[in-house]
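I have placed the structure first, in the form of structure tokens, so that the comments after it can refer back to it.
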Amino acid sequence: MNAPANEPAAGAPALAVSDLSHAFGKAKALDGVSFSVPAGRFAALLGQNGAGKTTLFSLITRLYNNRSGSIRVYGADVRQQPSVALAQMGVVFQQRTLDLDLSVVQNLSYHAALHGIAPGVARPRIAEALARAGLDDKARQKIRTLSGGQIRRVEIARALIHRPRLLLLDEPTVGLDIGSRQDILDHARLLCREEGIGLLWATHLIDEIADGDQVIILHRGRVLADGTVEDVVRQSGADNLRDAFTRMTGPTGPRTAGGGKP
Amino acid sequence: MIAAYLHCLRGIIVREGLRFVHQRERFVSALVRPLVWLFIFAAGFRAVLGVSVMPPYDTYVLYEVYIVPGLVAMIQLFNGMQSSLSIVYDREMGSMKTLLISPLPRWYLLVCKLLAGVTVSVLQAYVFLAVAWFWGVQPPLLGYLAVLPALILSGLMLGALGLLLSSFIKQLENFAGVMNFVIFPMFFASSALYPLWRVRESSPLLADICAVNPFTQAVELIRFALYGQFDLVACLGLAGYLVLFLACAIIGYDPARGLMERRGAPG
């Protein structure tokens, strides 16, 4: 089901995770996780709360280090070439990470500086990113004054400032109303389609996943399925993704609501 | 490539500066604290604690004059702890993640963070010295220039200590403990408020502890520099502690060592 692992670096997948395990003390958070996301693909990482999605994100972004298994971003190993790998990825964490008392532009400039981008290069990119996100008129406003949906859009704009080719979003629609949720989903799909960005979208909401998306089902730290929505549904013998998910994880699957949230 | 490093440093300093401007009460309280010591404590103790002629002073000095270098170091100590607090806060709020996913090496990001904190603490120290000048504590003009490298070095050392502590402190609530177990012992068991020979009269052991206290090195380096002299022992001690604290802090933030992780678990 995985994309071929031995592709030459030029055509290497945006993200290739192979045999990744991770434990907190004795509790295994991830167990032999393997999957890959090609460039230009919208891949949904579907799992309940506590399935290990955030742990996986922390490993990919090198907040934690992986000790077994490997993570490659366009062929660059996160552990061996962290700078190369990190430069290729844009991240929107589940937790909001903008400085509430600084303005939109100040936050984005800070991010650009952290990526070593000269102010002269960053300025037009920031203006362009804000225009694309429909936030031009908010540029000088403090983050504190924005709505939840606007903050998320700023975070996505920020994640794109350094022109990454892999975008990671950890439950980016949590706490947003239906309209903002759809806006952000549409925006993310557009990025995959038009910019060829590989995108990993972690979620526990099945209705955020559309036909044709790649879906990776993560349950208790293990990958139960990986493929297009159609393939996964067919394999499980269910009628739709919701049923397929329920069949795989079991109706009595753990509902550790709130578990695993930082 | 070097340009990228400089852009990063500039960005981190600008952000720290903006945050500082937004927290004016932080600046005021950082200034009020040593001024209370200078205006009230020193005035009250002037008669009790006479300070004899001792280097770097070439004459009898008033107690106010004696404690100014210690109070400058105190500003930097609080600043170091303040940045430690803000790092813990950043981590809880998530903005530390923004910093750590930068493609630049993590040790460099921590050093930038440190330099940004030192910039702020040096500015605070000069504002305090200016107020002290009007209060009659007037070191030679050259001393104000000579003290700059001393302030940078001591600011780095105390900032690195803060960075190290932040890698151990799990939550904001634990910060009160830092006050009790770090700031107060460091400040009182040092040459900031009384010369070490005075301490030795009452307890030789305490005097030895004071003599190796990193904070004493900071105070003495600043004191000598302020009077145009150079204290080699304090300078070497300070540099040694800086390297030690910084190395430990970098290890503490190394993802491979997993200290970050134990805190974040389970994600």
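Run the reach check for A:K142 against aspartates and glutamates, Cα to Cα strictly under 17 Å, same-chain hits fewer than 8 apart removed. What comes back? Hits, sequence-local ones excluded: A:D99, A:D101, A:E155, B:E16. Charges were assigned to the Cβ only: +1 to each Lys and Arg, -1 to each Asp and Glu. The resulting dipole of chain B about its Cα centre is roughly 640 debye. Considering only A:L135, A:H111, A:L45, the residue lying farthest towards the positive end of the dipole of the protein assembly as shown is A:H111, judged by Cα position with unit charges set on Cβ.
Under the simplified labelling scheme, the A:V174-A:R193 pair shows an inter-label distance of 2.9 nm, with each label point 7 Å from Cα along Cα→Cβ. Accessible area per residue (1.4 Å probe, heavy atoms of protein chains only) ranks B:C210, B:C248 as B:C248, B:C210, with the largest value leading. In chain B, the longest principal axis of the Cα atoms and the axis of helix B:141-168 are about 50 degrees apart.
Annotation: Cα Rg of chain B relative to the compact-globule expectation 2.2 N^0.38 Å equals 1.03. Per the Cα gyration tensor, the protein assembly as shown maps to an equivalent ellipsoid with semi-axes of 53, 23, 19 Å, ordered largest to smallest.
May I ask for the Rg/Rh ratio of region B:1-71, computed from Cα atoms with Rh as the Kirkwood radius, given to two decimals? Looking at region B:1-71, the ratio lands at 1.27. In straight-distance terms, cross-link reach from A:K26 covers every one of the aspartates and glutamates whose alpha-carbon lies under 18 Å from its own, apart from those fewer than eight places away in the same chain; here that gives B:E261. In plain terms, the bigger the Kirkwood radius, the slower the diffusion; for chain A, with that radius from Cα pairs, at 37 °C and 0.692 mPa s, Stokes-Einstein puts D at 174 µm²/s. Charges were assigned to the Cβ only: +1 to each Lys and Arg, -1 to each Asp and Glu. The resulting dipole of region B:104-233 about its Cα centre is roughly 240 debye.
Between B:V147, B:V72, B:V61, the GNM of chain B built on Cα springs shorter than 10 angstrom shows B:V61 fluctuating the most.
Using only Cα atoms and rounding to the nearest 10 degrees, what angle (0 to 90) does helix B:214-226 make with the longest principal axis of chain B? Helix B:214-226 sits at roughly 60 degrees to that axis. Under 14 Å of direct C-alpha separation, and excluding same-chain neighbours fewer than eight residues apart, A:K53 reaches these aspartates and glutamates: A:D31, A:D170, A:E171.
Pop out the carbon and sulfur fraction of the accessible area of region B:2-264 as a percent, whole number, probe 1.4 Å. That share works out to 73 percent. In this Cβ point-charge picture (+1 for Lys and Arg, -1 for Asp and Glu), the protein assembly as shown has a dipole of about 240 debye about its Cα centre. Averaging the sequence gap over all C-alpha pairs within less than 8 Å and six or more residues apart, then dividing by the number of residues, gives chain B a relative contact order of 24 percent. Accessible-area rank, largest first, for A:R242, A:R193, A:R62: A:R193, A:R242, A:R62, with all protein chains present and a 1.4 angstrom probe. Roughly how many Å² of A:K28 are accessible to a 1.4 Å probe, to the nearest 10? Roughly 120 Å² of A:K28 is accessible to a 1.4 Å probe.
The candidates B:L236, B:L163, arranged from most to least accessible area with a 1.4 Å probe in the full protein assembly, appear as B:L236, B:L163.
The values are calculated or read from the model by the stated rules, or taken from the named source; none is laboratory data. Remember, it's a predicted structure, so these values are computed and weren't measured experimentally. Glycine gets a Cβ as well: all are built from the backbone with ideal geometry, and neighbour counts include every protein chain shown. Side chains included, ligands, DNA and RNA excluded: accessible areas come from the protein's heavy atoms. Shrake-Rupley method; radii C 1.70, N 1.55, O 1.52, S 1.80 Å.
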